[in-house]
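The values are calculated or read from the model by the stated rules, or taken from the named source; none is laboratory data. Not measured: the values here are computed from a predicted model. Positions of Cβ are generated from backbone atoms using ideal geometry, with glycine treated the same way; all protein chains shown enter the neighbour counts.
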Amino acid sequence: MSTFWSPVVRELEPYVPGEQPQIDGLIKLNTNESPYPPSPKVIDVINHDTIDRLRLYPDPNSKKLKNTIAHYYGVTAEQVFVGNGSDEVLALLFMAFFQQGKPLLFPDISYSFYPVYCKLFGIDYQTIPLCEDYTINFADYAQANGGIIFPNPNAPTAIGKPLAEIEALLQQNTESVVVVDEAYVDFGAQTAIALVDKYPNLLVVQTLSKSRSLAGMRVGLAIGHRDLIDALDRVKNSFNSYPLDRIAEAAAIVAFEDETYFSRCRDQIIATRDWTTAELEKLGFKVLPSQANFVFAEPLGKNAADLAQHLRDHKILVRYFNKPRISQFLRITIGTDEQMQALIEALKKA
Ligand code: PMP
């Protein structure tokens, strides 16, 4: 280990991203991307509208995209923040709102970037165990004074929380920022954006990486009270004042405008998820109820790590977490119907 590393970096256990294989021909069900390409209108705008202006800096405030998102969700552009993927939006909001001495609360089984950001930025945190059935119990979060963050639906469990329960949590917690990470919300959960005018400490984070097929583009957003967005802008301008390039901004605008294509892909993924769940259950899996574009499934009586390797041998990648309480599960992204049929066939051979 380098003597030049700072103590923080020496102590850091970095986030380990899901594998992005460098060989072709694999069925990739390991990082919750969409199996469908972006809207043809996105491809069109990239090819025709933006390329000739790449010598110029982009708009540092991504104003056109913010207007589009504001119109889409019925908020004002001043309530919208955008960044280079929701991972960057999350990093900036951790810096802006959470601190040492007042622990941030989040579920112990959740998005594994949260503890990494806490350690990197010197934020105290406390993880709260999930219930027996892998759901989040908001009653356990009543004492928060340093903030709360959770994904809805949760990752990697795929289980969503009803909006009424999120509102009850907000009624109990007015002292610190509550972040709802809605990376997977479009696949069946309810967005909390409708609550941002009522609760000035609520920040909702979303991404275009999943339901809008733009993981390779890196666009994420946050919606909340103007005051929270102002803080995020301060941090952003001190960090990277041009988070979105011209191509990303133009593509994201069209991805929000093409509602027909968006809802067609989403509906197809939900239908494929329901089919996959039923097939997995027939094969003896216990599948947690999913409101996401993936399922968290336990192969009863089989070793999950071995099964992940068996699938890999059949050129199918799924995600296995060697972590307490979830090491008996596989997280399987919902692909096309053909990909999921191949998965089921490969599992039958196990
Ligand atoms: N939040 C959650 C819960 C996620 O699973 C992911 C994807 N790994 C992200 C945020 C980040 O997504 P992106 O940076 O692609 O927007």
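Name every residue in the range 146-174 that is part of a loop (DSSP other than H, G, I, E, B), touching a strand residue (DSSP E or B) at 6+ places or on another chain (Cβ under 9 Å) and at negative phi, in order of residue number. Outline the logic, then answer.
Within the range 146-174, the first condition is being part of a loop (DSSP other than H, G, I, E, B), and the residues that meet it are 146-147, 152-162, 173-174.
Imposing the further condition that a residue be touching a strand residue (DSSP E or B) at 6+ places or on another chain (Cβ under 9 Å) reduces the set to 146-147, 152, 154-159, 161, 173.
Matches in the range 146-174: G146, N152, N154, A155, P156, T157, I159, K161, N173.
Mind listing whichever residues of the range 174-221 are closer than 25 Å to I332 by Cα, of a type in the set (F, W, Y) and away from the ligand (no atom under 11 Å from the Cβ)?
The answer is F187, and nothing else.
Is there a residue in the range 79-93 that is more than 16 Å from the ligand (Cβ to nearest atom), surrounded by fewer than 18 Cβ atoms within 10 Å (Cβ to Cβ) and either in the same structural domain as V178 (by TED's automatic domain parsing) or not hydroxyl-bearing (S, T, Y) (or both)?
Pass one, the range 79-93, residues more than 16 Å from the ligand (Cβ to nearest atom): 79.
Then drop every residue that is not surrounded by fewer than 18 Cβ atoms within 10 Å (Cβ to Cβ), which leaves none.
There is no residue in the range 79-93 that is more than 16 Å from the ligand (Cβ to nearest atom), surrounded by fewer than 18 Cβ atoms within 10 Å (Cβ to Cβ) and either in the same structural domain as V178 (by TED's automatic domain parsing) or not hydroxyl-bearing (S, T, Y) (or both).
Within the range 211-233, is there a residue that is surrounded by 21 or more Cβ atoms within 10 Å (Cβ to Cβ) and either of a type in the set (D, E, K, R) or not assigned by TED's automatic domain parsing to the domain that holds E88 (or both)?
The answer is yes; a qualifying residue exists.
Would you check which residues across the range 63-78 are within 16 Å of R226 (Cβ to Cβ) and within 16 Å of the ligand (Cβ to nearest atom) and list them?
Let us first name the residues in the range 63-78 that are within 16 Å of R226 (Cβ to Cβ), namely 63, 66-67, 69-70, 73-78.
Across the range 63-78, the qualifying residue is only I69.
In the range 266-286, which residues are surrounded by fewer than 20 Cβ atoms within 10 Å (Cβ to Cβ), among the hydrophobic types (A, V, I, L, M, F, W, C) and not in a loop (DSSP other than H, G, I, E, B)?
Listed by number, the residues that qualify are I270, A271, W275, A278.
Quick check on the range 127-139. Is at least one of its residues within 26 Å of R10 (Cα to Cα), within 22 Å of the chain's Cα centre (by Cα), within 16 Å of the ligand (Cβ to nearest atom) and not in a loop (DSSP other than H, G, I, E, B)?
There is at least one residue in the range 127-139 that is within 26 Å of R10 (Cα to Cα), within 22 Å of the chain's Cα centre (by Cα), within 16 Å of the ligand (Cβ to nearest atom) and not in a loop (DSSP other than H, G, I, E, B).
Among (1) over 30 Å from L347 (Cβ atoms); (2) within 22 Å of the chain's Cα centre (by Cα), where does N30 come up short?
(1)
Looking at (1) within 25 Å of F296 (Cα to Cα); (2) more than 16 Å from the ligand (Cβ to nearest atom); (3) modelled with pLDDT of 95 or more, which one does D108 not meet, given that it meets all the others?
Status for D108: all satisfied but (2).
Restricting the first residue to the range 8-37 and requiring it to be assigned by TED's automatic domain parsing to the domain that holds T272 and on the phi > 0 side of the Ramachandran plot, which pairs with a second residue that is more than 16 Å from the ligand (Cβ to nearest atom) and of a type outside the set (D, E) meet a Cβ separation below 7 Å and a spacing of at least six or different chains?
G25/K315
Has the range 313-335 got at least one residue that is part of a helix (DSSP H, G or I), in contact with a strand residue (DSSP E or B) (Cβ under 8 Å, 6 or more places away or on another chain) and under 16 Å from E33 (Cβ atoms)? Reasoning before the result, please.
So in the range 313-335, the residues part of a helix (DSSP H, G or I) come out as 313.
Next, only the ones that are in contact with a strand residue (DSSP E or B) (Cβ under 8 Å, 6 or more places away or on another chain) stay: none.
No: zero hits.
Do we find a residue being free of Cβ contacts under 8 Å to residues at least 24 places away in the same chain, of a type outside the set (F, W, Y) and not in a helix (DSSP H, G or I) anywhere in the range 217-237?
no
Any residue in the range 8-29 that is surrounded by fewer than 18 Cβ atoms within 10 Å (Cβ to Cβ), within 16 Å of the ligand (Cβ to nearest atom), hydrophobic (A, V, I, L, M, F, W, C) and not in a helix (DSSP H, G or I)? It would help to see each step written out before you state the result.
Step one: list which residues in the range 8-29 are surrounded by fewer than 18 Cβ atoms within 10 Å (Cβ to Cβ), which gives 8-26.
Subsequent filtering for residues that are within 16 Å of the ligand (Cβ to nearest atom) retains 14-20.
Filter once more, keeping what is hydrophobic (A, V, I, L, M, F, W, C): 16.
Checking which are not in a helix (DSSP H, G or I) leaves us with 16.
So far as the range 8-29 goes, yes, one or more of its residues are surrounded by fewer than 18 Cβ atoms within 10 Å (Cβ to Cβ), within 16 Å of the ligand (Cβ to nearest atom), hydrophobic (A, V, I, L, M, F, W, C) and not in a helix (DSSP H, G or I).
Exactly one of these conditions fails for N154: (1) within 12 Å of the ligand (Cβ to nearest atom); (2) surrounded by fewer than 18 Cβ atoms within 10 Å (Cβ to Cβ). Give me its number.
Looking at each condition in turn, N154 falls short on (2).
Assuming P324 fulfils every condition listed in (1) outside the structural domain of L130 (by TED's automatic domain parsing); (2) at pLDDT 95 or above apart from one, which condition is it?
(2)
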